[in-house]
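The values are calculated or read from the model by the stated rules, or taken from the named source; none is laboratory data. Since the model is a prediction, treat every value here as computed from it, not as a measurement. Cβ placement follows ideal geometry from the backbone for every residue including glycine, while neighbour counts extend to all protein chains displayed.
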């Protein structure tokens, strides 16, 4: 009797370690990059392009110079400098939005919309308010 109980106790962990013995339901896979995410990223990229081209256009007249972001690109940046800086900023905000959305935060879209709004405002300021375009 003691031998049978001992054998039962020794084989019990082996049965529990068998993967087929413990079938757990799979968690549903969450798609982080969906239409909304791509849409907000596209909005941000379009706003950056609008801002960069309005900045280059205002510099061609020679009347204006870079203002708010001169600490990062200088007072008279070239088109490649502006696009490189914008690409880094876009990648950073998209990465932040990705991880916020992956964690299930409801405000995941905020970094992309904020950056897009800032660049839209800057481009509008360049083109319409300052008259540099």
Practice problem: Within segment 27-59, track down each residue that is outside any helix (DSSP H, G or I) and either surrounded by 12 or more Cβ atoms within 10 Å (Cβ to Cβ) or modelled with pLDDT under 80 (or both). | Solution: 27, 28, 29, 30, 32, 33
Quiz item: What number of residues within segment 99-120 satisfy the criterion of being more than 17 Å from residue 49 (Cα to Cα) and surrounded by fewer than 17 Cβ atoms within 10 Å (Cβ to Cβ)?
Solution: 8
Exercise. Sort out which residues of segment 60-76 are farther than 19 Å from residue 124 by Cβ and outside any helix (DSSP H, G or I), and write them in order of number.
Key: 62, 74, 75, 76
